[in-house]
Structures are given as structure tokens and as C-alpha cells.
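In what follows, a structure is listed as C-alpha cells, so that the remarks can point back to it.
The values are calculated or read from the model by the stated rules, or taken from the named source; none is laboratory data. These numbers were taken from a predicted model, which means no experiment stands behind them. With ideal geometry, Cβ positions are generated from the backbone for all residues, glycine too; neighbour counts draw on all protein chains shown. Protein only, heavy atoms only, side chains kept; ligands, DNA and RNA dropped before computing areas. Shrake-Rupley method; radii C 1.70, N 1.55, O 1.52, S 1.80 Å.
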Amino acid sequence: MPTYETLPRFAADLGRLTPEQRRRFRQAVAAFVEDLRTGSFRAGLRVKRVQRAPGIYELTWSMGTGPAGRATWEYGPERRPGTPHVIWRRIGTHDILTGP
């Protein structure tokens, strides 16, 4: 199981999501964690680097109606040898990419 931490801005963003949006994020994270173990992300998660933000990635998923959900993250130093450490940076819609 990978280790993780959240930045204060992520926590604030998360608090602004609806319960349904948070539920859909948790579903996306379950798939994300599985994929971290295999080292290959499934196409449905749309994991890619954020342009002009070295080392920052985005994860995209459906939030039902409305714009797609996005979370930005980066790899941090391993806390346990051989286990990825993820730092969650932002969560919301496309708007978060203005300050990933």
C-alpha cells in the first residue's frame, strides 16, 4: 500500500466537494492505488503530467454530471523502501490546473 500525505490546499479543496464528488474521488483512488502497485496506470484514470509544472501529475475521473474531477499530485520521498509516496496537491475541476 503506498503512503501519502495531503497539502493544506488539497484539504481545503476537498472540503468544498459534494459528498457524491468525494465518493467518486475515493473510487478513482482505489483504482489509482491498484495501478501504483503494477506500475502502469489504466487509461480510464487519465494520469498525465501537468504542462509547465515539472514533477506534477493529474488524475482525472468522471464526477457524473458537470465537469470531470481532477486531482494533482507528485511523488515524494519514499517513507518505506520500495513503496511509492504520493503527495496530493489539489482537487476539483479543470480550474485547479491554474495553481497545481
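Here is how the numbers come out for the structure above:
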{"item": "So LEU17, is it touching a residue at least 60 places away in the same chain (Cβ under 8 Å), open to solvent by less than 30 Å² (accessible area, probe 1.4 Å) and either in contact with a strand residue (DSSP E or B) (Cβ under 6 Å, 6 or more places away or on another chain) or farther than 16 Å from MET1 by Cβ (or both)", "result": "yes"}
{"item": "Every residue from the stretch 49-83 that is touching a residue at least 60 places away in the same chain (Cβ under 8 Å), open to solvent by less than 40 Å² (accessible area, probe 1.4 Å) and either charged (D, E, K, R) or not in a strand (DSSP E or B) (or both)", "result": "THR83"}
{"item": "Residue check for ARG37: open to solvent by less than 100 Å² (accessible area, probe 1.4 Å), at negative phi, among the basic types (Lys, Arg) and out of contact with any strand residue (DSSP E or B) (no Cβ under 8 Å at 6 or more places or on another chain)", "result": "no"}
{"item": "So ARG46, is it open to solvent by 20 Å² or more (accessible area, probe 1.4 Å) and under 28 Å from PRO19 (Cβ atoms)", "result": "yes"}
